[in-house]
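These notes are about the structure you will find just below.
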Amino acid sequence: MSTIQLDRTANRFTAWRQRFTARHASWIPVFAAVVILIALLVAGQIQFGNFITPRVLSSLLLDNAYLIILAVGMTFVILTGGIDLSVGAVLAFTGMLGASLLAEGYPSYLVLPIMIIGGALIGLGIGVLIQFFDVQPFIASLAGMFAARGLAFLVSLNSIKVEDPAILWLQTKLFTIEGWYLSPTGIIAILIVIAGWLVLQYTRFGRTIYAIGGNEQSARLMGLPVIRTKLLAYVISGALAGVAGVIFMAYQGAGYPLNGVGTELDTIAAVVIGGTLLTGGSGFVLGSLIGVFVYGTIKVFISFMGAEQSWTRITIGALLLVFVVVQRIIVARSARRR
């Protein structure tokens with residue numbers, strides 16, 4: 001092959017790469033998260049020899065099911081350009097509320113909807129503050145966080161043990177296949193991820209979410225239901241925090257008012273690492289799932305090393321900083337192209 005032909009081939013490849021990058025720029029952080037996840041798994045296997053096993057990989061879903069559910073709800077909110085700092089406290093409040101009602105003898109089929117509705121109402125309250133009282137999402141959700149945490153302590157200052165067999169079944173029932181295992185909590189988390197993906201990709205509501213995050217003023221001029229959509233995004237986040245409260249209550253076998261402290265930050269970190277822009281308008285539920293798996297893998301890696309779990313926070317913080325910088329570069333390049 002001549003030098004001229006080589007140059008033409010190289011130019012064609014460069015042009016194809018630039019077109020692909022321009023059209024699929026929003027997927028670049030997701031691919032980066034996948035690469036990091038694979039690198040962590042490979043490094044763990046090289047270091048410990050028994051890292052990539054059915055038991056360890058199954059535990060990533062089992063131990064982080066509640067965080068996956070929270071991440072789906074947070075993805076909806078962040079895609080609109082908002083933030084929800086209340087999800088950890090809502091998880092604690094709904095868990096305490098459910099544990100208290102179960103302890104008083106109420107049936108689980110009545111308690112579970114109450115928990116989910118309780119979370120949705122807190123999400124609705126935050127949305128109302130933002131949309132009708134022009135409160136910044138950070139401040140409104142911070143108020144929701146304090147309110148939910150206070151309600152959790154109002155239910156009880158102490159841990160409330162859960163003995164309802166239907167609730168405990170969600171975590172203790174394991175479906176096993178040749179060393180792999182899956183619990184009902186994991187199945188619920190995966191179903192919620194699939195539902196969130198379908199809603200965002202294939203419904204008018206999902207397209208409106210992206211439009212609002214991309215440019216809210218343009219979305220209003222297009223006649224899109226901005227207020228209703230943003231309210232629903234916070235209601236979804238609150239309702240899924242209620243579902244996560246059910247999952248976490250089953251996981252721990254109790255409700256405790258200090259459950260979920262800092263979980264909202266873990267959730268935001270997982271969503272951002274999964275490729276969702278903090279400014280809104282770009283991101284994917286599947287990316288958030290990958291972000292949670294990255295978070296969970298780091299926890300397992302540090303546990304295998306025998307180090308303190310504080311290193312999980314340090315590592316996640318460093319990754320979050322890297323991904324925010326990558327996001328800024330992508331946004332800046334997209335703006336220059338326009």
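For region 171-205, a residue qualifies if it is more than 22 Å from ALA241 (Cα to Cα) and either of a type in the set (Phe, Trp, Tyr) or touching a residue at least 60 places away in the same chain (Cβ under 8 Å) (or both), and the qualifying residues are PHE175, GLU178, GLY179, TRP180, TYR181, TYR202. Screening the candidates LEU157, LEU168 for the property of being assigned to a loop (DSSP other than H, G, I, E, B), touching a residue at least 40 places away in the same chain (Cβ under 8 Å) and either of a type in the set (Ser, Thr, Tyr) or surrounded by fewer than 21 Cβ atoms within 10 Å (Cβ to Cβ) (or both) yields one hit, LEU157. Against the definition (modelled with pLDDT of 95 or more, surrounded by fewer than 22 Cβ atoms within 10 Å (Cβ to Cβ), in a helix (DSSP H, G or I) and out of contact with any His (no Cβ under 6 Å at 6 or more places or on another chain)), how does LEU102 come out, yes or no? Answer is no for this residue.
Inclusion of THR75 among residues that are under 23 Å from the mean Cα position of the chain (by Cα), outside any loop (DSSP other than H, G, I, E, B) and polar (S, T, N, Q) is warranted.
Looking only at region 27-52, filter to residues that are outside any helix (DSSP H, G or I) and touching a helix residue (DSSP H, G or I) at 6+ places or on another chain (Cβ under 8 Å); which one of those is farthest from SER288 (Cα to Cα)? Out of the qualifying residues, it is ASN50.
None of VAL261, VAL324, VAL292 is part of a helix (DSSP H, G or I), of a type in the set (A, V, I, L, M, F, W, C) and either surrounded by fewer than 20 Cβ atoms within 10 Å (Cβ to Cβ) or modelled with pLDDT under 95 (or both) except VAL324.
Within region 217-236, residues that are in contact (Cβ under 8 Å) with a residue 60 or more places away in the chain reach partners that are charged (D, E, K, R) and surrounded by 21 or more Cβ atoms within 10 Å (Cβ to Cβ) with beta carbons closer than 9 Å, at six or more positions or on different chains, in the pairs ALA233/ASP84; TYR234/ASP84. Restrict the check to region 146-166 and report whether at least one residue is under 24 Å from the mean Cα position of the chain (by Cα) and among the aromatic types (Phe, Trp, Tyr). Taking every residue of region 146-166 in turn, at least one turns out to be under 24 Å from the mean Cα position of the chain (by Cα) and among the aromatic types (Phe, Trp, Tyr).
Selection of region 300-310 for residues being surrounded by fewer than 20 Cβ atoms within 10 Å (Cβ to Cβ) and not aliphatic (A, V, I, L, M) yields SER303, PHE304, GLY306, GLU308, GLN309, SER310.
The values are calculated or read from the model by the stated rules, or taken from the named source; none is laboratory data. All values reported here derive from a predicted model rather than from experimental measurement. Here Cβ is always computed from backbone atoms with ideal geometry, including for glycine, and neighbour counts include all displayed protein chains.
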